[in-house]
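Below is one structure, written out as structure tokens, with a few remarks after it.
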Amino acid sequence: MRAEVEKLMANHRDSEKFLSPPALDDAAAQVAQNQELSLLGQKISHYRILSSLGAGGMGEVYLAEDTNLRRKIALKVLPVGVAQDKDRLRRFKQEAFAASALNHPNILTIFEFGAEAETHFLASELVEGETLRVRMRRSAISISETLDITIQIASALKAAHAANIIHRDIKPENVMIRNDGIVKVLDFGLAKLVAPPPSDPDGEVPTRALTRAGTILGTVHYMSPEQARGMAVDARADLFSLGVVLYEMLTGRRPFTGETISHTIVAILEKEPPPLTGTGRHFPVEIEQIIKQALGKKVEERYQSAPALLADLRKLKHRLEFEAELEITSIKPPASEKQTREVGNPAVPSKFQSERRQEKNDAGTTNPLELAFHPERAANDAAQTPAPAHARRKLIWLVCVLLAAGVITVLGWQVLRPRSVNPPAQSAAALPERNLSYFLSVQKYRDGKPYQTEFQSSGREIFEPGWRFKLNVTSPQEGFLYGLNEEPSPAGSQFTLLFPLPSHNQGSAHLVANEPLQTNWYLLDDKPGTEQFRLIWAAQPVPELEAVRELVNPTDRGRISDPAQIQAVRALLQRHAQSQVSSVRDPQKKQTNVRGQGATLVVLVEIEHH
């Protein structure tokens with residue numbers, strides 16, 4: 001492989017077309033510098049040169065004014081000396097023809113291509129922003145922003161490929177990001193026209209090369225393997241280059257590098273890029289799969305079209321956006337903050353405290369009644385505490401008398417008590433007790449921007465439209481938690497299941513004791529009223545809500561639309577509407593503590609806003 005690369009380099013070592021660098025050579029740069037000084041303030045056609053914006057792939061780029069339409073434009077001028085190079089002049093025209101044939105919001109708009117005397121120029125829209133290269137140098141790019149930029153580039157390639165145009169030089173320097181986030185793909189100077197695809201979708205797409213065979217065009221780090229070999233390329237070469245850009249945005253480094261150009265080409269042809277896991281950041285599994293397929297060494301292993309790549313990118317973006325809105329993330333407290341279940345700990349259910357208090361009386365001695373039911377304890381106490389024999393006999397006689405009196409009392413009550421026609425209902429004290437605590441983390445917003453410091457609330461404040469809040473829940477018990485939102489509508493209440501999520505504990509509603517949960521931000525709309533969130537906290541899975549768990553997905557977004565399921569959820573809430581639930585606001589901790597009897601606890605969290 002190395003011999004092949006070295007032979008290819010030797011054939012083109014003296015050719016100015018080898019790797020076709022986008023920057024002008026030294027002589028051309030000197031000519032451009034002299035021309036820049038002479039063009040400032042001058043007019044080319046009806047464009048007045050105002051200032052220099054920098055060097056583009058095929059010439060100098062100026063800020064200019066269109067005197068006819070009175071607007072600012074970008075004017076690319078091919079230096080006179082360089083215009084004598086027929087190949088560069090051809091490529092300059094090719095950029096104009098290729099870009100002007102496309103009409104897409106993510107592709108730079110070409111206004112005019114022309115020449116005045118010996119000066120050739122290209123007028124295009126003025127993009128106020130920064131290149132992707134500058135953006136990457138400024139700070140790390142989040143996964144969400146990376147996907148947004150990549151989707152816009154892929155959309156531009158989709159339009160170009162549909163017009164049978166291949167860019168062949170996708171790289172950060174050829175991508176502009178406007179101040180409003182819109183992406184523009186620039187510099188079609190290396191663009192190549194291809195014949196329309198044959199009717200057979202599985203057939204090979206023929207190409208019509210604009211350069212002689214064996215010439216390498218592009219920027220080496222972003223070349224596809226077939227470009228690096230100097231072979232004919234099709235649209236899949238652009239998708240490989242976009243995969244390189246995507247990898248670099250996520251990791252901050254290029255996937256294929258080497259000490260020299262030849263080493264870099266060998267890496268492109270033979271080596272796999274370092275895994276994303278080595279960067280120290282967490283990435284979704286889908287994005288690793290997208291990069292792996294985009295960077296396939298063989299064209300048949302790669303994405304076969306820009307729409308196919310776009311579909312996977314958008315699917316991942318929608319999933320992440322959905323989870324950002326609804327996901328409840330587990331936050332485990334430090335070990336030092338975990339409570340220990342001890343006697344007297346308020347987090348321990350009361351039944352455990354009562355059982356432990358029954359074991360010993362206040363004096364620390366064994367309860368006399370226990371001796372009657374546990375003779376072995378009497379024997380142990382007798383062995384540990386010496387006492388005269390007559391004292392022991394008196395004690396046993398006293399216990400027997402008390403026991404007999406108790407039996408007689410119980411029998412008499414059973415005979416004389418009034419008889420009820422219906423069997424007594426189970427008392428509330430016999431029902432299991434469940435409890436939880438919750439509070440809100442609130443961020444005030446005004447004109448779409450946060451103001452003041454995020455604060456903790458028990459939910460008793462009057463909220464204003466645009467405020468955002470997170471719901472925090474914790475319980476000393478193990479159980480199953482569901483989050484349900486109810487929205488009034490003319491057709492009746494509409495229910496949306498917010499939790500559990502597929503990404504949380506494999507979609508299970510099961511929660512561990514003392515494990516706090518915090519939702520992501522919820523945004524209050526502009527409609528005044530009372531938002532109703534219900535937390536269903538149960539000892540066992542709730543069948544009515546388990547049946548609708550699959551609706552929590554990017555498509556349905558938890559909305560319950562089936563009439564039978566809506567009726568089942570409504571019946572569930574009605575059954576527990578009269579359950580004994582007490583809510584106590586803790587002003588010190590700024591949280592609400594809820595306690596109730598029964599295996600299922602339904603907590604209504606109401607938030608008023610106007």
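The values are calculated or read from the model by the stated rules, or taken from the named source; none is laboratory data. Predicted model, so just to flag it, every value in this text is computed and none were measured. Glycine gets a Cβ as well: all are built from the backbone with ideal geometry, and neighbour counts include every protein chain shown.
With the requirement that a residue be buried (at least 23 other Cβ atoms within 10 Å of the Cβ) and either out of contact with any helix residue (DSSP H, G or I) (no Cβ under 7 Å at 6 or more places or on another chain) or not in a helix (DSSP H, G or I) (or both), what does the range 153-170 give you?
Of everything in the range 153-170, those that are buried (at least 23 other Cβ atoms within 10 Å of the Cβ) and either out of contact with any helix residue (DSSP H, G or I) (no Cβ under 7 Å at 6 or more places or on another chain) or not in a helix (DSSP H, G or I) (or both) turn out to be Ala156, Ala160, Ile165, Ile166, His167, Arg168, Asp169, Ile170.
So which pairs qualify, if the first residue must be in the range 462-484 and farther than 30 Å from Pro432 by Cα, the second must be aromatic (Phe, Trp, Tyr) and assigned to a strand (DSSP E or B), the Cβ gap must be under 7 Å, and the two must be at least 6 apart or on different chains?
Gly466/Tyr445; Trp467/Tyr445; Arg468/Tyr445; Arg468/Tyr522; Phe469/Tyr522
Considering Leu497, Leu436, Leu501, Leu471, which residue is surrounded by 19 or more Cβ atoms within 10 Å (Cβ to Cβ), part of a loop (DSSP other than H, G, I, E, B) and modelled with pLDDT of 75 or more?
Numbers: Leu497 fails: part of a loop (DSSP other than H, G, I, E, B); Leu436 fails: part of a loop (DSSP other than H, G, I, E, B); Leu471 fails: part of a loop (DSSP other than H, G, I, E, B).
Of the residues listed, the single one that is surrounded by 19 or more Cβ atoms within 10 Å (Cβ to Cβ), part of a loop (DSSP other than H, G, I, E, B) and modelled with pLDDT of 75 or more is Leu501.
Which condition breaks for Asp312 when tested against (1) loosely packed, with under 15 Cβ neighbours inside 10 Å; (2) in a helix (DSSP H, G or I)?
(1)
Which pairs do you get when a residue that is more than 18 Å from His282 (Cβ to Cβ), found in the range 137-150, comes within reach of a residue that is surrounded by 12 or more Cβ atoms within 10 Å (Cβ to Cβ) and among the acidic types (Asp, Glu), reach meaning Cβ atoms under 8 angstrom, with the pair 6+ apart or on two chains?
Partner pairs satisfying both residue conditions: Arg138/Glu130.
Could you say which residue among Phe121, Phe111, Phe97 is touching a residue at least 40 places away in the same chain (Cβ under 8 Å), within 19 Å of Glu60 (Cα to Cα), of a type in the set (Phe, Trp, Tyr) and surrounded by fewer than 19 Cβ atoms within 10 Å (Cβ to Cβ)? Working first, answer last.
Details: Phe121 fails: surrounded by fewer than 19 Cβ atoms within 10 Å (Cβ to Cβ); Phe97 fails: touching a residue at least 40 places away in the same chain (Cβ under 8 Å).
Answer to the selection: Phe111.
State yes or no: is Lys297 assigned to a loop (DSSP other than H, G, I, E, B), assigned by TED's automatic domain parsing to the domain that holds Ala154, at pLDDT 90 or above and surrounded by fewer than 19 Cβ atoms within 10 Å (Cβ to Cβ)? Please lay out each step first, then the result.
Values: assigned to a loop (DSSP other than H, G, I, E, B): yes; assigned by TED's automatic domain parsing to the domain that holds Ala154: yes; at pLDDT 90 or above: yes; surrounded by fewer than 19 Cβ atoms within 10 Å (Cβ to Cβ): yes.
In short, yes.
Is one or more of the residues making up the range 141-151 touching a Lys or Arg at 6+ places or on another chain (Cβ under 8 Å), assigned by TED's automatic domain parsing to the domain that holds Leu75 and part of a loop (DSSP other than H, G, I, E, B)?
Taking every residue of the range 141-151 in turn, at least one turns out to be touching a Lys or Arg at 6+ places or on another chain (Cβ under 8 Å), assigned by TED's automatic domain parsing to the domain that holds Leu75 and part of a loop (DSSP other than H, G, I, E, B).
Here's the yes/no breakdown for (1) surrounded by 22 or more Cβ atoms within 10 Å (Cβ to Cβ); (2) of a type outside the set (Val, Ile, Thr):
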| residue | (1), (2) |
| --- | --- |
| Pro225 | no, yes |
| Arg229 | no, yes |
| Ser241 | yes, yes |
| Val244 | yes, no |
| Arg254 | no, yes |
| Ser262 | no, yes |
| Ile268 | yes, no |
| Lys271 | no, yes |
| Glu286 | no, yes |
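What about Thr131, is it in contact with a helix residue (DSSP H, G or I) (Cβ under 9 Å, 6 or more places away or on another chain), in contact (Cβ under 8 Å) with a residue 60 or more places away in the chain and not basic (Lys, Arg)? Can you show your working first?
Values: in contact with a helix residue (DSSP H, G or I) (Cβ under 9 Å, 6 or more places away or on another chain): yes; in contact (Cβ under 8 Å) with a residue 60 or more places away in the chain: no; not basic (Lys, Arg): yes.
No.
In the set Asn553, Asn520, which member is at pLDDT 80 or above and under 30 Å from Lys315 (Cα atoms)?
Numbers: Asn520 fails: at pLDDT 80 or above.
Asn553 is the lone residue from the list that is at pLDDT 80 or above and under 30 Å from Lys315 (Cα atoms).
Which of the residues belonging to the range 111-128 are outside any strand (DSSP E or B) and of a type in the set (Asp, Glu)? First the steps, then the outcome.
Going through the range 111-128, the residues outside any strand (DSSP E or B) turn out to be 117-118, 126-128.
Once the filter is applied, which keeps residues that are outside any strand (DSSP E or B) and of a type in the set (Asp, Glu), the range 111-128 yields Glu118, Glu128.
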